[in-house]
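Data block below; observations after.
The values are calculated or read from the model by the stated rules, or taken from the named source; none is laboratory data. All values reported here derive from a predicted model rather than from experimental measurement. Using ideal geometry, Cβ is built from the backbone for each residue, glycine included, and neighbour counts are taken over all protein chains shown. Please note that ligands, DNA and RNA were not included when accessible areas were found on the heavy atoms of the full protein model with its side chains. Shrake-Rupley method; radii C 1.70, N 1.55, O 1.52, S 1.80 Å.
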Amino acid sequence: MSDTLYPKATREIAAKRRELAPEAEAAFQAFSKAVFAEGALSAKTKQLIAVAVAHVTQCPYCIKGHTKAATRAGATPQELMEAVWVASEMRAGGAYAHSALMLDTLEPSSE
């Protein structure tokens, strides 16, 4: 066990995942490769989206991995930060929008 909250991603951990569920691991890797391939969206755009989503899902491994992939694809620090701000606004916006449920619940029932 490491001194940090999350263990370091290592080749040994990756090998253990493959060993324990090789078919699922292979399917996930193929899916990931297909998702991040150039298409209607550029690889850079896809990685910027991934960095933004990684911040919303709060996955430290994804934040690090996709930040590296985004910079390899040409993303700038400014683009990365802007993507994180978009994700932050969307997450905050979800809480704000869902206040409609709370407000509706406060209304007297018509039953």
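Quick notes on this one:
- Hits in segment 47-59 - residues which are open to solvent by less than 40 Å² (accessible area, probe 1.4 Å) and of a type outside the set (Gly, Ala, Ser): 47, 48, 51, 59
- Search result, residues across segment 9-40 that are among the aliphatic types (A, V, I, L, M) and surrounded by 14 or more Cβ atoms within 10 Å (Cβ to Cβ): none
- Near pairs, Cβ below 9 angstrom, 6+ apart or cross-chain, from segment 74-93 (within 13 Å of residue 44 (Cα to Cα) and free of Cβ contacts under 8 Å to residues at least 40 places away in the same chain) to any residue that is of a type outside the set (Phe, Trp, Tyr) and assigned to a loop (DSSP other than H, G, I, E, B): 74/42; 83/75
Here is a yes/no grid of residues against (1) of a type in the set (Gly, Ala, Ser); (2) farther than 30 Å from residue 14 by Cα; (3) part of a loop (DSSP other than H, G, I, E, B); (4) modelled with pLDDT of 95 or more:
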position: 44; (1), (2), (3), (4): no, no, no, yes
position: 49; (1), (2), (3), (4): no, no, no, yes
position: 63; (1), (2), (3), (4): no, no, no, yes
position: 69; (1), (2), (3), (4): yes, no, no, yes
position: 80; (1), (2), (3), (4): no, no, no, yes
position: 85; (1), (2), (3), (4): no, yes, no, yes
position: 108; (1), (2), (3), (4): no, yes, yes, no
position: 111; (1), (2), (3), (4): no, yes, yes, no
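- Just so you know, in segment 75-111 the residues that are small (Gly, Ala, Ser) and over 28 Å from the mean Cα position of the chain (by Cα) include one that is most open to solvent (accessible area, probe 1.4 Å), and it is 110.
- Test: residue in segment 60-75 that is on the phi > 0 side of the Ramachandran plot and out of contact with any strand residue (DSSP E or B) (no Cβ under 9 Å at 6 or more places or on another chain): yes
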